[in-house]
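Below is one structure, written out as structure tokens; the observations come after it.
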Amino acid sequence: MTNQLGPIVRTRHLKVGYAGKAVATIADLDLVGGVVWHVTGPNGSGKTALLKTLAGLLRPVAGTVDRRCGIGTGEAIYVHSVPYVFAGSVRRNLTLTHPSADEVLAVAAAFGLSTLLGREATTLSYGEQRRLALARAVVRHPALLLVDEPEGGLDDEAMSAWRACAVRAVDARQPVLVVAAHRPLAFAAVLVRPIDLSQPARDSTAKSTTDADRTSRPPRAVLRH
Amino acid sequence: MLAEVGRALALILGGDVEVWQIAGVSLTVSLTAVFGAVAAGLPMAYLLASSGARRARVGLWIAHGLAALPTVVIGLTLYLLLSATGPLGWARLLYTRTAMAAAQFVLALPLVVAVVLGALRRLPPSAHEVLVTHGVTRARQMGWLLWEVKSAVVSGTFLAFSRAFTELGAALIVGGNIRGATRTLTTYIALEYDRGDDARAIALGLILLAVALLTNSVMHVIVGER
């Protein structure tokens, strides 16, 4: 559906950073669904800055970001690498934006949180808090989901839940999924397209990385099994 | 001395009407002021905290400065504003409980703002960012974040009440210590001290001390449980 309507986010000549100082120059992007966008690069290369800029939490240092989804409306959600959970129960955290009770139960089941719904969220382990942060984002049904280092601290069960969520998102082409991670993303039968910040961006007028047929450089997408 | 304390206790336990009426005025005025300070101070603290690091820092600096203002200076300023020749003289509020509550509001507000704003600034930015990206409305963002710093909200409220309830200078200047109207525990203690009625002054002082200790104990219980 997203593809039919075009990219959900389109960046041109984008530079991202903090307090007006650029930490990364981004090749032009046309983000569409159906793939996992993998933002990769070493520490300090601007992965988080890019995700926050796409989410509308940071202003671009230069260039433009055109979105087909609202900012601050729940349509573009950024999930932090160190999740913040609010005081109160897991259920309270999941009902941040008043989803239906059925949706809460479904997402809790998907992320292995069913037995923890009544638990004080701040007493959860780091891995459980990560699952909660992901579940809290997913239950909002965003059009664009930006996840920072999602696989750190997850146990096998949580990892499976997260990957299943990602696969569902790719299959449904909604939400458009952008993931920042140091390590390769090991998704089965899912197209992963890298946005590599370890290399200086080429000419910022380079064509979109979203469509291998239209790109002037070799496709870097990796189909992992 | 012991005899005076004994007489003071007899006044309190004997249900001296005037003593308890004055305590009631003190409570009413201070609670009104603190309720207003909390109602205005919480949104103010939230707006300052969410307006950027620099504004929040300046806001905190100003709040700390105002919290340290001498009460007589606040009383004098309000007196000049409310006196018959002052810009707000038309309101005829001088020597009323409303004027006293206004003075105590000015005392209490910066304390509420300073304590709550300080706590909000210590929250990680991710707390606010989660609310923003999930599409939570501004009003509800404030509710969620204030709940995160509820210990500070409780502390700020009780500290503000303590400052308002125990102050003397502003109440004396804008209230006038009028019997049956604007006479409070602190202004009456000052009066009885001048008159030399030590027992009555001690009785009022004991009530003042008891309320101050009680509110602080309640605050510690509430905050300590979180």
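The values are calculated or read from the model by the stated rules, or taken from the named source; none is laboratory data. From a predicted model like this one, the values you see are computed outputs, not experimental measurements. Please note: Cβ atoms are built from the backbone with ideal geometry, for glycine as well, and neighbour counts cover all protein chains shown.
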Subset of the range A:127-161 [touching a residue at least 40 places away in the same chain (Cβ under 8 Å), away from chain B (no Cβ under 12 Å) and more than 13 Å from A:LEU94 (Cα to Cα)]: A:GLU149, A:PRO150, A:GLY152, A:GLU157, A:ALA158, A:ALA161
Enumeration of residues in the range A:94-121 that are surrounded by 15 or more Cβ atoms within 10 Å (Cβ to Cβ), within 13 Å of another protein chain (Cβ to nearest Cβ) and more than 20 Å from the chain's Cα centre (by Cα): A:THR95, A:PRO99, A:ALA121
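Within the range A:73-86, take every residue that is of a type in the set (Phe, Trp, Tyr) and assigned to a loop (DSSP other than H, G, I, E, B) and give me the one that is farthest from A:ARG119 (Cα to Cα).
Taking the range A:73-86 first, the residues of a type in the set (Phe, Trp, Tyr) are A:78, A:84, A:86.
With the extra rule that they be assigned to a loop (DSSP other than H, G, I, E, B), the set shrinks to A:84, A:86.
Working: A:TYR84: 16, A:PHE86: 12 Å.
The selected residue is A:TYR84.
Do we find that A:ALA164 is surrounded by fewer than 17 Cβ atoms within 10 Å (Cβ to Cβ), away from chain B (no Cβ under 14 Å) and either of a type in the set (S, T, N, Q) or touching a residue at least 24 places away in the same chain (Cβ under 8 Å) (or both) in this structure?
Values: surrounded by fewer than 17 Cβ atoms within 10 Å (Cβ to Cβ): yes; away from chain B (no Cβ under 14 Å): yes; either of a type in the set (S, T, N, Q) or touching a residue at least 24 places away in the same chain (Cβ under 8 Å) (or both): yes.
It is true that A:ALA164 is surrounded by fewer than 17 Cβ atoms within 10 Å (Cβ to Cβ), away from chain B (no Cβ under 14 Å) and either of a type in the set (S, T, N, Q) or touching a residue at least 24 places away in the same chain (Cβ under 8 Å) (or both).
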Residue within the range A:40-51 that is within 14 Å of another protein chain (Cβ to nearest Cβ), surrounded by 17 or more Cβ atoms within 10 Å (Cβ to Cβ) and more than 30 Å from A:HIS98 (Cβ to Cβ) present: yes
The range B:66-89 residues that are in contact (Cβ under 8 Å) with a residue 60 or more places away in the chain, paired with ones that are surrounded by fewer than 15 Cβ atoms within 10 Å (Cβ to Cβ) and not aliphatic (A, V, I, L, M) (beta carbon under 6 Å, 6 or more apart): none
Failed item, numbered, when B:GLY143 is tested on (1) within 13 Å of chain A (Cβ to nearest Cβ); (2) among the small types (Gly, Ala, Ser); (3) part of a helix (DSSP H, G or I); (4) over 13 Å from B:LEU42 (Cβ atoms): (4)
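Quick grid of which residues meet (1) within 14 Å of chain A (Cβ to nearest Cβ); (2) under 15 Å from the mean Cα position of the chain (by Cα):
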site	(1), (2)
B:LEU81	no, no
B:ALA102	no, yes
B:PRO110	no, yes
B:VAL132	yes, no
B:THR137	yes, no
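When the residues of the range A:57-72 are narrowed to those that are outside any loop (DSSP other than H, G, I, E, B) and among the charged types (D, E, K, R), which ends up nearest to B:HIS134 (Cα to Cα)? I'd like the intermediate steps shown before the answer.
Initial filter on the range A:57-72 (outside any loop (DSSP other than H, G, I, E, B)): A:62-67.
If we keep only those that are among the charged types (D, E, K, R) too, we end up with A:66-67.
Details: A:ASP66: 19, A:ARG67: 16 Å.
Here the answer is A:ARG67.
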The range A:62-93, subset buried (at least 18 other Cβ atoms within 10 Å of the Cβ) and more than 11 Å from chain B (Cβ to nearest Cβ), residue nearest to A:ALA137 (Cα to Cα): A:VAL90
Pair list, Cβ under 7 Å, 6 or more apart: the range B:204-226 residue free of Cβ contacts under 8 Å to residues at least 12 places away in the same chain and within 22 Å of A:ALA87 (Cα to Cα), other residue in a helix (DSSP H, G or I) and not small (Gly, Ala, Ser): none
Residues (modelled with pLDDT of 95 or more and crowded, with 19+ Cβ neighbours inside 10 Å) located in the range B:61-73: B:ALA63
